[in-house]
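Only one structure is covered here, and it is reproduced in the block below.
The values are calculated or read from the model by the stated rules, or taken from the named source; none is laboratory data. Everything numeric here is computed off the predicted structure, so don't read it as measured data. Neighbour counts are summed over all protein chains in view; Cβ atoms, including those assigned to glycine, are modelled from backbone coordinates with ideal geometry. When the accessible area is computed, the model is the full protein with side chains, heavy atoms only, and any ligands, DNA or RNA have been set aside. Shrake-Rupley method; radii C 1.70, N 1.55, O 1.52, S 1.80 Å.
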Amino acid sequence: MSSHPDRRLVRGFERALEHGELHMLYQPKVRLDTGELNRLEALVRWEEPELGPVEPSRFVPLAEKHGLIAPLTEWGLRTTLRQWHTWRNEGLETNIAFNISAVSLQSLDFPDLVERICQELEVPTDRLVLELTEGATQPLIKLMDTLTRFRIKGIGLAIDDFGTGFSSLMQLRQLPFTELKIDKLFVKDLPRDHDCCVIVKSMIDLAHGLGLVATAEGVETPEQLRFLRSVRCDIAQGYLIARPLEPDTLASWHADLEQRWSELTD
Ligand code: C2E
Ligand code: CA
Ligand code: CA
């Protein structure tokens, strides 16, 4: 249902795309065995001139519904890969995770577009992991061909928000994922809640059994971090480690990482 405020927001978003009102933040993911930076997840931000910040969980679905997801994705990917270059020139080697709407995957030549952008901006495709969420109208299983094309190009695929919404075990078996992201809903009550501990440990075992990297998102406390390390989760992401960062603050965050990690894991 397209209500009046939605229409205004959509028009505002179109303007934002044209006038450069969007920007990207980058949230680090770290390896739980060594504490090293693994990659950065690019997250879009929109500051609407009158409303202030609008949440991506509000405007991304609107962009999907109103045919604006392609320009958002292309702008976001170019911005992110250009930023990757800047960091690289400054001596910071890292990898990128980028969120892709299931709507974009409907187009069979989308993998070629992503590859072309990587080539143009001289970013090796194996530096990139795409994070995908299954939507109500777009079961990922129908998108097998597109997903396989990404893997052939060396681009990694993560199943995001695993355990919520429409994600199913069947798609893990059939689709060429490289990483499983445990939703923050399950991480929130670790390690107090016995059931969450069992579920998270099982998801990690499941990921490993299928040869996937296990990542936990929404890590906010040292107790959660300790539990995830004890059950051999591979990667963690969350406010405890870093909030989504402005690109120019990454270097100083990175310089403190080793020290902070040793305090957190003492
Ligand atoms: P997501 O991909 O699951 O991203 C993780 C969300 O959790 C982000 O919210 C991040 O800021 C937030 N987060 C990270 N650490 C913590 C933590 O420790 N605690 C809590 N409570 N939250 C944490 P954000 O940035 O608001 O993004 C929301 C969703 O919007 C994302 O969920 C993703 O699905 C979508 N999104 C964001 N950027 C893009 C984009 O560029 N393109 C597309 N298609 N979707 C995007
Ligand atoms: Ca994500
Ligand atoms: Ca998520």
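Quick notes on this one:
- 10 Å Cβ shell holding at most 15 others, DSSP loop, trypsin sites (Lys or Arg not before Pro): longest site-free stretch of the chain: 1-152
- Distant-in-sequence amide contacts of residue 99, defined by a placed amide H-H separation under 5 Å and a gap of 5 or more residues or a different chain, comprise 42, 131.
- Magnitude of the charge dipole for segment 1-120, about its Cα centre and with charges confined to Cβ atoms of Lys, Arg (+1) and Asp, Glu (-1), is about 180 debye.
- Segment 28-178: radius of gyration over Cα atoms, expressed as a fraction of 2.2 N^0.38 Å: 1.06
- Estimated from the Cβ-Cβ distance and a Förster radius of 30 angstrom, the FRET efficiency linking residue 88 and residue 15 is about 0.40.
- Counting only alpha carbon atoms, the long axis of helix 56-65 and the longest principal axis of the chain meet at about 40°.
- Computed over protein heavy atoms with a 1.4 Å probe, the accessible surface of segment 1-130 works out to 50 Å² per residue.
- Relative contact order (percent, whole number), the chain, Cα cutoff 8 Å, 6+ residue spacing: 19
- Based on Cα contacts under 8 Å between residues 6+ apart, segment 145-207 shows a relative contact order of 29 percent.
- Assigned charges on the beta-carbon of Lys, Arg, Asp, Glu; segment 92-164 dipole about Cα centre (debye): 180
- Nearest 10 degrees, 0 to 90: helix 194-209 Cα axis against the chain principal axis: 80
- Surface accessible to a 1.4 Å probe, per residue, for the residues of segment 167-266, Å²: 53
- Along the axis of the charge dipole computed for segment 27-110 (Cβ charges of +1 for Lys and Arg, -1 for Asp and Glu, origin at the Cα centre), the listed residues 53, 89, 68 are led at the positive end by 89.
- Pairs beyond 26 Å (Cα-Cα), from 29/65; 153/188; 65/142: 29/65; 153/188
- Where only DSSP H runs of four or more residues are counted, the chain gives -13500 deg cm²/dmol as its mean residue ellipticity at 222 nm, each run worth -39500 (n - 2.57).
- Sulfur and carbon atoms: percent of accessible area, segment 4-265 [1.4 Å]: 50
- Note on residue 66/residue 262: beta-carbon distance plugged into 1/(1 + (r/R0)^6) with R0 of 51 Å gives a FRET efficiency of 0.60.
- Unit Cα scatterers, Debye sum, the chain: log10 I(q)/I(0) for q = 0.17 Å⁻¹: -1.49
- You can think of it this way: the chain between residue 25 and residue 170 has 48.9 nm of extra reach, that is 0.36 nm per residue less the Cα-Cα gap.
- Among residues other than residue 259 with Cβ under 15 Å from its Cβ, the summed charge is -4 (Lys and Arg +1, Asp and Glu -1).
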